[in-house]
Amino acid sequence: MSEKVQISTILEAILFSAGRSMSVDELMTQTGKTRSEISGALENLKTTIRRRKDSALQLTEVSGRWIFEVRPTLSDHLPENLRPEVPQRLLPAAALIAYHQPMRQAQLVDMLGQRAYDHVRELASLGFIDRRRDGLSRRLTTTRRFAEYFGCPEVEYRAVRQWFRAEASKAGLTSAELAATLSDEQMTIEEFSEQPSEQALALEAVHSEE
């Protein structure tokens, strides 16, 4: 007779094995459990892990997705080749969001083109940005994980924005110029506009269900 295993234990095994963030919907599909069962088990698991003595990991929820990650206090003790890295192609989008947050996704599309949609999805999956519905668009802000990764002394998004702008100002760069210097390819980035273009808003309507 097989041993009965708690849902939280199964979720721990799934998330640890996946090595990436997963949504509640994904975990429901993987386990066949209901949303309330998964949500409750995740909160219990988060509490259990927090109480473990000298645990190297923490369970984090960002933008509705859950992921295991090394506790930030241990980052400096990891070998360089084991520290998580943001792909260089995502750095321009990350910098623009940090500089202009809270930023509408349509404004990022104006600056980077349609590639912005893929970059936003990847950054959200990595747990570096929060993307919330704002009408037909999305409102983009950075997360605690973003601030810790980039060495920002603050975690609240307004403080992160102020820090990023100060860093860009020291280098004499606009946000678009800063983003271009972080790119792994030659690219021209449009300057920020308070009002997204009609074309960007039309694209947002197409992508509104994503």
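Look at S8, S137, S193 and count the other Cβ atoms within 10 Å of each Cβ; fewest to most, that gives S193, S8, S137.
Diffusion coefficient of the range 88-206 by Stokes-Einstein, Kirkwood radius over Cα pairs, 37 °C, 0.692 mPa s: 233 µm²/s. Membrane-span-like helices of the chain, defined as complete DSSP H segments with a Cα extent of 15 Å or more along the helix axis and a mean Kyte hydropathy of at least 0.5, are identified as 7-18.
Shown for D110, D25: other C-beta atoms within 10 Å of each C-beta, ranked fewest to most, produce the order D25, D110.
Taking Rg/Rh (Cα atoms, Kirkwood Rh) as calculated from this structure, the corresponding entry among (i) 1.01; (ii) 0.95; (iii) 1.06 is (i). Taking 7 Å steps out from each Cα toward its Cβ at T188 and D134 produces label points 2.7 nm apart.
Compute the signed sum of charges (Lys and Arg +1, Asp and Glu -1) over the other residues within less than 13 Å, Cβ to Cβ, of L182.
That works out to -3.
Relative to the current alpha-carbon distance between R158 and Q88, full extension at 0.36 nm per residue lengthens the span by 22.8 nm. In terms of surrounding Cβ atoms within a 10 Å radius of their Cβ, S183, S36 rank from fewest to most as S36, S183.
A short reminder: the numbers here are calculations on the coordinates, not readings from a lab. Here the structure is a predicted model, which means the values were calculated and not measured. As a convention, Cβ positions derive from the backbone with ideal geometry for all residues, glycine included, and neighbour counts pool all protein chains shown.
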